[in-house]
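Take a look at the structure set out below.
The values are calculated or read from the model by the stated rules, or taken from the named source; none is laboratory data. It should be emphasised that the depicted structure is a prediction, and the values quoted were computed from it without experimental measurement. Because the Cβ atoms are built from the backbone with ideal geometry, glycine has one as well, and the counts that use them run over all protein chains shown. Only protein heavy atoms, including side chains, enter the accessible area calculation; ligands, DNA and RNA are left aside. Shrake-Rupley method; radii C 1.70, N 1.55, O 1.52, S 1.80 Å.
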Amino acid sequence: MGGAFTETLPPAMRVAALVQAAILAIAAIVVLSKAGLLFPAWQSFASAAAAWFVVPLSALATVLNVMTRSKRERTVWAPVSLLLLATSLIVAFG
């Protein structure tokens with residue numbers, strides 16, 4: 001959240017964080033299923049289109065994590081999101 005809140009998140013930001021967590025969980029399930037590492041029966045669901053949906057999502061996360069004003073978030077989450085982008089590209093092309 002850009003380091004804007006040093007203490008507890010306000011209710012609206014808590015909801016936003018939960019939505020972000022749900023989106024990331026779905027993206028992880030899609031990529032892991034497409035790679036054959038999780039829920040092998042879901043490989044048809046995790047088609048190329050679904051895997052390619054994760055790529056721009058990961059790219060956006062990377063850009064936003066690089067742009068954040070919070071040094072701690074940038075230090076931790078920029079490399080993590082870049083790794084997610086790289087792995088989602090490998091699986092999407094795979």
- Note on the structure: For the chain, the per residue accessible area (1.4 Å probe, Å²) is 69
- Using Cα atoms only, what is the angle between the long axis of helix 71-93 and the major principal axis of the chain, expressed in degrees (0 to 90) to the nearest 10? 10
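Determine the dipole magnitude for the chain: charges of +1 sit on the beta-carbon of Lys and Arg, -1 on that of Asp and Glu, nothing else is charged, the reference point is the Cα centre, and the result goes in debye to the nearest 20.
Taking the Cα centre of the chain as origin, the dipole is about 160 debye.
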- Item | Mean ellipticity per residue at 222 nm, deg cm²/dmol - from DSSP H runs of n ≥ 4 across the chain, formula -39500 (n - 2.57) | -25000 deg cm²/dmol
- Message: Can you compute log10 of I(q)/I(0) for the chain with the Debye formula, treating each Cα as one identical point scatterer, at q = 0.11, 0.19, 0.20 Å⁻¹?
- Response: -0.37, -0.90, -0.95
- Task: State the answer as a single residue: which of N65, A86, V31 lies farthest towards the positive end of the charge dipole of the chain, with beta carbon charges of +1 for Lys and Arg and -1 for Asp and Glu, about the Cα centre.
- Result: N65
- Message: Could you order the peptides 19-30, 53-64 from most to least packed, using the average number of other C-beta atoms within 10 Å per residue?
- Response: 53-64, 19-30
- Can you pull out the trypsin sites (Lys or Arg not before Pro) in region 14-85 that DSSP calls coil and that have at most 10 other Cβ atoms within 10 Å? R69
